[in-house]
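Here the structure is laid out as structure tokens; the discussion comes afterwards.
The values are calculated or read from the model by the stated rules, or taken from the named source; none is laboratory data. None of these values were measured; they are calculated from a predicted model. Methodologically, a virtual Cβ is constructed for each residue, glycine included, from the backbone with ideal geometry; neighbour enumeration extends over all protein chains shown.
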Amino acid sequence: MKTRIERDSMGELEVPETALYGAQTQRAIDNFPVSGKTMPETFIRALLTAKSAAAQANAKLELLPLNVANAISEVVAELLASPDLMSHFPVDVYQTGSGTSSNMNANEVLATLASAKVGEAVSANDHINYGQSSNDIIPTAIHISATVEVTEQLLPALEYLHNAIVSKAKTVDHHIKTGRTHLMDAMPVRLSQSLLSWATQIEQNIFFIKATLPKLQTLAQGGTAVGTGINAHPDFAVEFSKQLSAVTGIEFSPADNLFTHINTQDVVVALSGQLKTTAVSIMKIANDLRWMNSGPLAGLGEIALEALQPGSSIMPGKVNPVIPEAATMVSAQVIGNDAAITIGGQAGNFELNVMLPMIADNILSSIKLLANVSRLLADKAITTFTVNEDQLKLALGRNPILVTALNPIIGYAKAAEIAKKAYKDGRAVLDVAEEETEIPREELEKLLDPAKLAEGGLG
């Protein structure tokens with residue numbers, strides 16, 4: 001491989017001849033052969049967008065030549081449109097905790113491209129990074145990327161899932177099934193009641209995620225090294241947010257306390273907590289689907305999920321609940337990501353959090369996973385499952401718990417006696433109740449009607 005010599009404050013270093021980055025990026029490549037995993041593309045896009053906004057803000061404040069600022073913005077736009085974007089950003093996630101390596105990677109790439117565009121030297125530090133520090137631009141890029149992904153990907157996906165569940169509930173409202181508590185037979189419920197409970201879970205998730213956005217849209221930019229704003233214009237933070245808001249179409253503003261946004265990641269920890277809660281909701285929904293689909297002969301067999309692929313390499317004809325299983329794995333991963341983010345969040349030693357790249361990677365991973373699996377769950381599990389009405393009726397007819405409806409009339413003890421006898425003899429509660437009480441069969445049929453019982457209240 002052909003190389004060229006690049007220089008930084010530590011001396012000379014060989015860099016691939018065609019690379020757009022320079023010495024500091026190469027040092028990071030050499031220093032951090034950890035995971036082979038680079039920073040997420042959504043983060044890099046946010047970082048580049050922030051660099052463009054910073055250049056325009058500095059030009060507006062007459063701190064950067066307009067031609068240089070425009071060149072920076074132009075090359076950012078070109079990079080964002082390039083299918084080869086990520087080839088220029090090879091730094092491992094597990095790098096210096098401030099994300100300095102990724103910041104300098106962006107600075108060097110933009111400096112190379114901008115220099116070629118204006119026909120004179122554009123400095124990675126003195127121009128691209130003017131009025132900035134890794135310590136404020138990286139937290140800013142985390143907030144930008146998370147806001148964009150939550151707004152454009154996750155929330156629409158959760159709304160889609162919510163709507164799919166509500167629509168399905170309408171189509172299955174006439175189906176009555178055995179309710180279950182402790183995985184044991186309980187009082188009947190409408191299938192729609194179960195689904196609408198799921199819908200409410202997702203609705204709550206949407207509400208709480210939205211509640212984090214106002215703080216997520218506040219930025220550390222302008223605090224520079226430690227929060228004081230050293231080497232940045234006093235109006236830079238405000239102007240930067242104006243420029244960024246104009247480009248993204250999302251309203252961003254400087255944080256009330258720049259120190260806090262640099263030395264903590266509390267806002268992202270809070271968002272991650274809501275993503276974890278969403279993951280818990282999705283796991284519950286997925287597991288309910290798996291249980292209802294179990295069988296088809298030796299399980300509950302209440303519904304049949306769409307058959308998507310052969311389920312076994314050795315058992316012909318087996319079809320598995322693959323989408324709910326994928327959803328439970330996603331949920332587990334998001335819960336794990338939250339644990340990592342929580343630990344990362346407490347690493348705000350004095351004036352700087354030093355786990356920023358890991359936090360960025362995990363929060364963006366959680367957002368992406370939840371967005372993708374929500375649509376899959378909607379399209380390939382909830383919308384497409386069919387109901388086994390015969391199985392529902394069979395289980396309901398033999399459910400001894402139906403006797404609960406007779407409690408106000410015959411008392412708990414007598415009702416328990418009937419339930420036990422019905423279960424022991426494998427007979428319908430209706431038949432046993434007719435024998436053991438003086439209630440006419442016609443009245444018992446009304447009292448023990450599963451559809452009526454699903455309405456609740458007193459008989």
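Just checking, which of A326, A304 is closer than 30 Å to I142 by Cα, surrounded by 15 or more Cβ atoms within 10 Å (Cβ to Cβ), assigned by TED's automatic domain parsing to the domain that holds M355 and not hydroxyl-bearing (S, T, Y)? Full working, then the answer.
Working: A304 fails: closer than 30 Å to I142 by Cα.
It is A326.
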When every residue in region 157-178 that is charged (D, E, K, R) and free of Cβ contacts under 8 Å to residues at least 60 places away in the same chain is compared, the one farthest from L394 (Cα to Cα) is E159
L370: passes all of (1) closer than 26 Å to R180 by Cβ; (2) assigned to a helix (DSSP H, G or I) but (1)
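Looking at this structure, is A419 buried (at least 20 other Cβ atoms within 10 Å of the Cβ) and either under 25 Å from R190 (Cα atoms) or out of contact with any Pro (no Cβ under 7 Å at 6 or more places or on another chain) (or both)? It would help to see each step written out before you state the result.
On the way: buried (at least 20 other Cβ atoms within 10 Å of the Cβ): yes; either under 25 Å from R190 (Cα atoms) or out of contact with any Pro (no Cβ under 7 Å at 6 or more places or on another chain) (or both): yes.
When the stated conditions are applied, A419 passes them.
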Counting only residues that are surrounded by fewer than 18 Cβ atoms within 10 Å (Cβ to Cβ) and in contact (Cβ under 8 Å) with a residue 60 or more places away in the chain, region 381-392 contains a total of 5
Listed by first then second residue, the pairs whose first member lies in region 31-50 and is without any contact (Cβ under 8 Å) to a residue 12 or more places away in the chain, whose partner is outside any helix (DSSP H, G or I) and surrounded by 19 or more Cβ atoms within 10 Å (Cβ to Cβ), with beta carbons under 8 Å and at least 6 positions apart or on separate chains, are none
The residue from A50, A23, A19 that alone is over 35 Å from the mean Cα position of the chain (by Cα), aliphatic (A, V, I, L, M) and more than 15 Å from P357 (Cα to Cα) is A23
